[in-house]
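Notes to accompany the following structure.
The values are calculated or read from the model by the stated rules, or taken from the named source; none is laboratory data. As the structure is a prediction and not an experimental result, all values here were calculated from the model. Every residue, glycine among them, receives a Cβ derived from its backbone with ideal geometry; neighbour counts consider all protein chains shown. SASA here: full protein model, heavy atoms, side chains in, ligands and nucleic acids out. Shrake-Rupley method; radii C 1.70, N 1.55, O 1.52, S 1.80 Å.
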Amino acid sequence: MTSPKLKIVSWFTQIAAAAIMGQTLYFKFTAHPDSVQLFTELGMEPHGRLIIAALELIACILLLIPSSIVYGALLGSCLMAGAIIGHITELGWEGPRLELGILAIVVLSCCITTLLVRHRELPLLKAIQTDKPTQRGPRNH
Amino acid sequence: MSTKLAINLHKLARFTNTAIPIFTLLFFIAGWQISFYFHFITVPMLGLTLVNCYYLFAQRNHSLLRNFGILGQGRYILESLGPELRQYLYSGDTEERPFNRTERAEVYRKANNIDSASSFGSQNDFDATEIKLRHSLFPISKERLLPYQLTFGEERGIQNTYTLTVPFIISGMSYGALGKQAVRSLARGIAQTGGLMNTGEGGYPKYHLMENCDLAFQIGTAKFGVRHEDGTLDEQRLAALAAKEQIKLIELKLSQGAKPGKGGMLPKEKITAEISELRGVPMGRDVVSPTHHPECEDYPSAVAFIRRIQEVSQIPVGIKLCVGDPRQFAELIAEMKRQDSFPDWITIDGAEGGTGAAPKAFIDRVGMPLFPALKLAQDILVSAGVRQRLKLVASGKLINPGSQIIAFCLGADAIATARGFMLSIGCIQAMQCGSNTCPVGITSHNPRLERGIDIADKALRVANYIHSLEHDLDELLCATGVRCVRELSFEHLYVPLESALYPFTHRN
């Protein structure tokens, strides 16, 4: 079982990830000029912006519902990986972009930490016994 | 002849392992040069690549994943789905163990009070091993049947005898093995029929007592509820329990069919704070009862211990055992005769008996099956001339009238079943009794699972099940032309060649 201490760590990273992702949603959904500018550079304006925003909203919600945390973390890390790819290939890291890029990396690390802590809850991994075999001592009388 | 599959899985796996990173790269380039939307595929592929690398190079637990990577995962997924797929889709109606779908369905129908008539013929294998009841050419009508009555303790002439009027006893299931909702459902249901319920070795039977039903208090080898620190009997606590209005009988468990020669087990997953208090055991550790009672070292001490419990409790006292060697059983009976001291009943538990937890070797390989063991016990008691000194109770997979009537023919005075009653309150044979994850909440202490059980509804099913069993028993008795179960005998059975009972057909 996942130890209670690790679970607390996981809740911190979940909430941090959801909070950082969540506060950008407002700019995306309201078509803030900066956000529109970003997505125009990526060639995804306006549909891509709305799709990404909707997926981020879903990830935030999943991250906060106990039975779906790992799915939220999975979705969140995919989105952030995409964001980082965007920074590498199109957006660059100058000026305010640096801050955005670093936030994406922070959210990605939060999501991955959550996944590592809760790897036993992942649906496919569940089929596999992930614990290392422990040693059984000789008979004691 | 080649035994290779048409698809070479090893080659396919090598192809997959090479293709995943290449495709990831291709999609990355497409996302970069053509449209950013391609990264919707790049990112999951990237994840897949990482997981595959972990399987192939980092983890060391699973050879299959080290050799085949992500494709090897398919085996684990399919294997984990196997039990459900087999149960739902592929197993025949008479294939599953311990109870096949027809047997379970019969209990469900009885519990729901639905007519259990079936059409077009039996699904059983007719010629080989099925024991049949020999009906009479002249069946009798129901009015001629005698009411069922079995008085425990009458042989000893004690004051507090107990008369059983329902021949079907709920066999020993403790609070601990079952959750509180299930215990209360069973207790309320049996109370509605006036029957008897065994508490199992779970210490003070707090929840069994709540519904005002007649109880047999079971003393297991750990003596939960009536023990001193050193594991010996605490007479004062036993006397206090026996003085309770609802506790009519005491059953001393010497061994249990599912794990004869081994004490009861309660896995740590199922030990809540309340259970640890009721039993006086620590939490976070499996509780394994001792293999035997310290008071029962040999035949004389065992018989003396039974007598001691009888004297302390002042109510009928029986023993429960699974027969291993019939000669030992005969010797035990001989010792009872020598000391002129008998238990008020003996429950013969067949090796097919169920349990919440036992090592697989014990479940599968230890102890005699019920029917031959019961027949041997009956023969030993008769030939020792002491059959009238005690009652015989049979238990072990006796969930349907067809198997119950056989046990009656073999000498049983009453039937005890645990799993039959579990099925009646909705058990779906998920076989997770030891892990606290019972999907219908019967053997779980998880409140989220237990909430599935509505006590009033389930109690009704227990009562229905008993009334249906009584109804079927009456009809079978009429067909056999006897007025009560005591008139049944081995002669009423047709035993085919391959049955375990066949050797007994030539004894007389």
Of B:Ile158, A:Ile102, ordered by accessible area with the largest first and a 1.4 Å probe, the sequence is A:Ile102, B:Ile158
With -39,500 (n - 2.57) per DSSP H segment of 4 or more residues and division by the full residue count of the protein assembly as shown, the 222 nm estimate, nearest 500 deg cm²/dmol, is -14000 deg cm²/dmol
Out of B:Val317, B:Ser35, B:Asn8 - ranked by how far each Cα lies towards the positive end of the dipole of chain B, with unit charges on the beta-carbon of charged residues - the top one is B:Ser35
Scoring chain A by relative contact order with C-alpha pairs under 8 Å, at least six apart, yields a percentage of 29 percent
Heavy-atom accessible area of B:Arg188, protein chains in place, probe 1.4 angstrom, given in Å² to nearest 10, is 70 Å²
Of all DSSP beta bridges with both partners in the protein assembly as shown, the antiparallel percent, nearest 5, is 20 percent
Rounded to the nearest 10 Å², the accessible area of B:Thr443 using a 1.4 Å probe with every protein chain kept is 10 Å²
Of B:Trp345, A:Trp11, ordered by accessible area with the largest first and a 1.4 Å probe, the sequence is A:Trp11, B:Trp345
A convex hull over the alpha carbons of chain B yields, per residue, a volume in Å³ of 221 Å³
Given unit charges at Cβ for Lys, Arg (+) and Asp, Glu (-), the dipole magnitude of region B:9-89 about its Cα centre in debye, nearest 20, is 260 debye
Counting sequence-distant residues (5 or more places) and residues on other chains, those with an amide H built under 5 Å from that of B:Asp214 are B:Met197
If each part is reduced to its alpha-carbon centroid, region B:136-153 and region A:34-91 end up apart, in Å, by 77 Å
In region B:134-506 the DSSP beta bridges are antiparallel at a rate, in percent to nearest 5, of 15 percent
Rg/Rh of the protein assembly as shown (Cα atoms, Kirkwood Rh), to two decimals, equals 1.11
Largest-first ranking of B:Cys427, A:Cys78 by accessible area, probe 1.4 Å, whole protein assembly kept, is A:Cys78, B:Cys427
At the level of C-alpha centres, the distance separating region B:260-321 and region B:181-243, in angstrom, is 12 Å
Excluding ligands, DNA and RNA, the carbon-plus-sulfur percentage of the accessible area of region B:153-211 with a 1.4 Å probe reads 42 percent
Using alpha carbon centers only, region B:441-506 is separated from region B:7-85 by a whole-angstrom value of 53 Å
